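First comes the structure, then the notes that go with it.
The values are calculated or read from the model by the stated rules, or taken from the named source; none is laboratory data. Just so you know, these numbers come straight off a predicted model, no measurement behind them. We place every Cβ from the backbone using ideal geometry, glycine too, and count neighbours over all the protein chains shown.
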Amino acid sequence: MTNMVQNGNRITYTNATGSDIASGAPVVIGSTIGVACVDIANGATGAVAIEGVFTLPKTAGSSGHAIAQGDIMLFDISEGEFDVKTATDAAGDILGGAIAVTAAATTATTVDVKLCSPGTIQTGT
C-alpha cells in the first residue's frame, strides 16, 4: 500500500498557539483532544497522540466535580482541565472528546481519560 501516510494514533501538529506546549499536556486540534508526545515550541511541529488512555489534569473543587468511571468528560479549554459533563461550559470547551477510565473524587486534580475524539465544541451558556 503506497497511500498510507501514518497509522493515525499520533499525528503531526504545528503549534500556532503562541505558547510552547509541554510533553504530556492536552492539545486541542479543532474538536479533537490530543496529548503532546514531545515538547512543541511555538511555531514548531511535533507528535500528538489522539488515541489512548492518559492521566490528565482535572478540575478540583469542594463539590460537584466527582467523576464516575465511564462518564463523558468536558474539557475546559481556558483551564486546560477535564471536568464533569454537567459543568458550566464556555465557548470553545469540548464535550465528549474523552471518557473517564477511572473514577475521580471531587478534590482530585487528575483523572485517567480515554481519548475518543471528536467532541463537540461548545458555544457557552
Check your understanding: If you scan the range 5-31, which residues turn out to be assigned to a loop (DSSP other than H, G, I, E, B) and of a type in the set (A, V, I, L, M)?
Key -> Val5, Ala16, Ala22, Ala25
Check your understanding: Can you tell me which residues in the range 7-35 are crowded, with 16+ Cβ neighbours inside 10 Å and either touching a residue at least 40 places away in the same chain (Cβ under 8 Å) or within 10 Å of the chain's Cα centre (by Cα) (or both)?
Key -> Arg10, Ala25, Pro26, Val27, Val28, Thr32, Ile33, Gly34, Val35
Practice item. Those residues that are in contact (Cβ under 8 Å) with a residue 40 or more places away in the chain and not in a strand (DSSP E or B), I need them from the range 93-121; list them, please. Key: Val101, Thr106, Thr107, Ala108, Thr109, Ser117, Pro118, Gly119
Check your understanding: Looking at the range 65-86, is at least one residue surrounded by fewer than 18 Cβ atoms within 10 Å (Cβ to Cβ) and assigned to a strand (DSSP E or B)?
Key -> yes
**Study point:** Some residue of the range 50-58 being at pLDDT 95 or above, of a type in the set (A, V, I, L, M, F, W, C) and surrounded by fewer than 18 Cβ atoms within 10 Å (Cβ to Cβ)
**Key:** yes
Practice item. Tell me which of these Gly34 doesn't satisfy, since it passes every other one: (1) on the phi < 0 side of the Ramachandran plot; (2) part of a loop (DSSP other than H, G, I, E, B). Key: (2)
